[in-house]
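Enquirer: Here you go, one structure.
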Amino acid sequence: MAARSLWAVQRLQRLLASGAVSQSRGWSHPFSTATQRTAGEDCSSEDPPDGLGPSLAEQTLRLKAVKLEKEVQDLTLRYQRAIADCENIRRRTQRCVEDAKIFGIQSFCKDLVEVADILEKTAKCFSEGAEPEDHKLALEKVFQGLSLLEAKLKSVFTKHGLEKMTPIGDKYDPHQHELICHMPAGVGVQPGTVALVRQDGYKLHGRTIRLAQVEVAVESQRRL
């Protein structure tokens, strides 16, 4: 019993001695209540509140969403306007093309009306009530009318770029001439050239609109 008491006293003395040494060296127990309280206060003072971060992020996302929605609405409106403008242009262009097809020859037809007036006046010279002695005078008027008609037609053709081809002596061209037959080449006529025109051909602004029906000269075969 005495031995156990002595062992307890010696152990208590050793613990007290070790605590005094720690205090003299400035050591503090790492798990003391004061140290834990100070560390907790420091952490709480540096960390932001839990509810502040998510609210700012949510507001930022909402602002971005509103901005993107406005941009989408603006682009959609522009797209719809562009489609409407394209449709209007297409309809306007189609209308212009149709008008050009209908009224493109308006000027030409107006000039032809004058030719029709000359023909009508010329035809009146041969009315059924004309006397036989008036036939000679009527023929003279018809001749004058036909001459005037021919001059007027040439004027109208020239005005609108319609040109009559004169291919006699030219080399045969299948793009401008329609070959009817061949004929022996005569004096001064080269083989392969146009010797005779059966029907006149015409060009409109340099483009052939009717081929000229022609006869082409070829070398005559010599008899043995």
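Enquirer: For the range 155-188: of the residues being open to solvent by less than 80 Å² (accessible area, probe 1.4 Å) and polar (S, T, N, Q), which is farthest from Val113 (Cα to Cα)?
Expert: Once the filter is applied, the top-ranked residue is Gln176.
Enquirer: Of the residues Leu196, Leu211, Leu204, which single one is open to solvent by 50 Å² or more (accessible area, probe 1.4 Å) and either more than 30 Å from Asp111 (Cα to Cα) or in contact (Cβ under 8 Å) with a residue 60 or more places away in the chain (or both)?
Expert: Leu196 is the lone residue from the list that is open to solvent by 50 Å² or more (accessible area, probe 1.4 Å) and either more than 30 Å from Asp111 (Cα to Cα) or in contact (Cβ under 8 Å) with a residue 60 or more places away in the chain (or both).
Enquirer: Starting from residues that are part of a helix (DSSP H, G or I), of a type in the set (Asp, Glu) and open to solvent by 100 Å² or more (accessible area, probe 1.4 Å), keep the ones in the range 30-79 and report whichever is modelled with the highest pLDDT.
Expert: Per the stated criteria, the residue is Glu69.
The values are calculated or read from the model by the stated rules, or taken from the named source; none is laboratory data. Keep in mind it's a predicted model, so treat the numbers as computed, not measured. Note that each Cβ is placed from the backbone with ideal geometry, even for glycine, and that neighbours are counted across all protein chains shown. The protein model used for the area step is the full one, side chains on, heavy atoms only, and it has no ligands, DNA or RNA in it. Shrake-Rupley method; radii C 1.70, N 1.55, O 1.52, S 1.80 Å.
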